[in-house]
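Following: one structure in structure tokens, then a few remarks.
The values are calculated or read from the model by the stated rules, or taken from the named source; none is laboratory data. Please read these numbers as outputs of a predicted model, since none were measured by experiment. Note that each Cβ is placed from the backbone with ideal geometry, even for glycine, and that neighbours are counted across all protein chains shown.
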Amino acid sequence: MLPKSKKPQTHKKINFKEKFSKFTEYWQPKVVANLNDYEIKLVKIKNDFVWHHHEETDEAFIVVKGAMHIEFEDHTVRLDEGEMLVVPKGVRHKPYADKEAQIMLVEPRDIRNTGNIEDDLSAPNDKWI
Ligand code: NI
């Protein structure tokens with residue numbers, strides 16, 4: 001038996017365009033697959049997120065469509081379509097996007113999107129699409 005929150009793995013391919021067409025809200029990650037204890041999530045983002053860090057894990061941002069920025073204490077990184085960045089564990093960051101962007105996240109299960117911060121932007125986990 002798989003834990004309740006895990007969807008059974010199938011051999012069906014995942015199409016990002018099709019998955020991104022299934023939701024419109026910003027900063028609400030959707031799980032599309034799991035990989036051992038990690039999850040592959042898709043999220044649409046626009047405008048500012050909150051400053052936060054993740055005590056327990058690194059976090060991968062992969063830009064599927066559009067562009068985003070990740071602000072750090074001392075510099076800001078712009079990520080364009082086809083680019084990625086791994087934010088190391090414990091490092092404060094603030095993602096933002098001037099226009100809507102489509103992002104893939106890779107991180108362990110049960111990670112709060114706002115890290116150490118409880119905020120209106122904190123999103124529920126295990127939302128599969
Ligand atoms: Ni984060």
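Brief remarks follow.
- Selection count, the stretch 64-119, where residues are polar (S, T, N, Q) and more than 16 Å from the ligand (Cβ to nearest atom): 1
- In the set 34, 125, 116, only one residue is polar (S, T, N, Q), over 30 Å from residue 13 (Cα atoms) and in contact (Cβ under 8 Å) with a residue 24 or more places away in the chain; that residue is 116.
- Selection of first residues in the stretch 89-108 that are free of Cβ contacts under 8 Å to residues at least 60 places away in the same chain and of second residues that are among the hydroxyl-bearing types (Ser, Thr, Tyr) and surrounded by 14 or more Cβ atoms within 10 Å (Cβ to Cβ), restricted to Cβ pairs under 9 Å at least 6 apart or on distinct chains, gives the following pairs, ordered by first then second residue: 89/57; 97/26.
- Among the residues examined, residue 71 does not qualify as at pLDDT below 95 and over 24 Å from residue 129 (Cβ atoms).
- Hits in the stretch 20-32 (condition: of a type outside the set (Ser, Thr, Tyr) and either in contact with a helix residue (DSSP H, G or I) (Cβ under 7 Å, 6 or more places away or on another chain) or surrounded by 14 or more Cβ atoms within 10 Å (Cβ to Cβ) (or both)): 20, 23, 27, 28, 29, 30, 31, 32
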